[in-house]
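Trainee: Following this message is one structure expressed as structure tokens.
Just so it is clear, none of the values below were taken in a lab; they were calculated from the coordinates. Every value quoted in this text rests on a predicted model; they were computed, and no experiment measured them. In this analysis, Cβ positions are derived from the backbone assuming ideal geometry, glycine residues included, and neighbour counts consider all displayed protein chains.
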Amino acid sequence: MNKVLLTGRLTRDPELRVTTGGKSVTTFNMATNEYAGPGKEKSEFHTIITWDKLAEVCGRWLGKGQQVAIDGRIQTRTWDDDKGTRHWRTEIVANNVEMLSSRRKRDFAADAAADGLAEQAERSGVEPAAASVGPADDTAAAEDLVDEAA
């Protein structure tokens, strides 16, 4: 049976990409700790891959330093480079990712300002020059409404 269960912290923000076939894939690294004696821990670093809807969720809600639990399988890929040297990469393909700490902190003021500029550009008929810098955060608008209602 090929089953992996890990709990650790992300060492960097996830990278969300879309394949030429239209599938979403997210790659991120996480660190786990192992007890190595009284007062000592040994860190291991793992590359995690998620696909499809899970990849979109991870790309949107996970961030560096966040603690997560991963359920998945080990996958080892091999390839030969231009010089004929064989390379190996062992990764964890996650089937389930559970957030154990709160989601990353966002700059809600910056998000609101960016949304306001995009809305202003739409009203004036000007096309935006570039896509938004980060994933959209629907909860920012909801939190603003809660603040206004209070």
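Trainee: Go through segment 17-64 and count every residue that is farther than 15 Å from Val97 by Cα and under 11 Å from the mean Cα position of the chain (by Cα).
Mentor: Result for segment 17-64: 1.
Trainee: Which of the residues spanning segment 55-92 are farther than 26 Å from Lys3 by Cβ and surrounded by 10 or more Cβ atoms within 10 Å (Cβ to Cβ)?
Mentor: Hits for segment 55-92 are Arg60, Gly63, Lys64, Gly65.
Trainee: Right, something else. I'd like to verify a number: residues in segment 1-51 that are more than 18 Å from Val93 (Cβ to Cβ), of a type outside the set (S, T, N, Q) and without any contact (Cβ under 8 Å) to a residue 40 or more places away in the chain, how many?
Mentor: Of the residues in that region, 11 qualify.
Trainee: Condition first: assigned to a loop (DSSP other than H, G, I, E, B) and touching a residue at least 40 places away in the same chain (Cβ under 8 Å). Now tell me which residues in segment 52-82 satisfy that.
Mentor: Leu62, Gly63, Lys64, Gly65, Gln66
Trainee: Residues of segment 14-51 being buried (at least 16 other Cβ atoms within 10 Å of the Cβ) and not in a strand (DSSP E or B), which ones?
Mentor: Pro14
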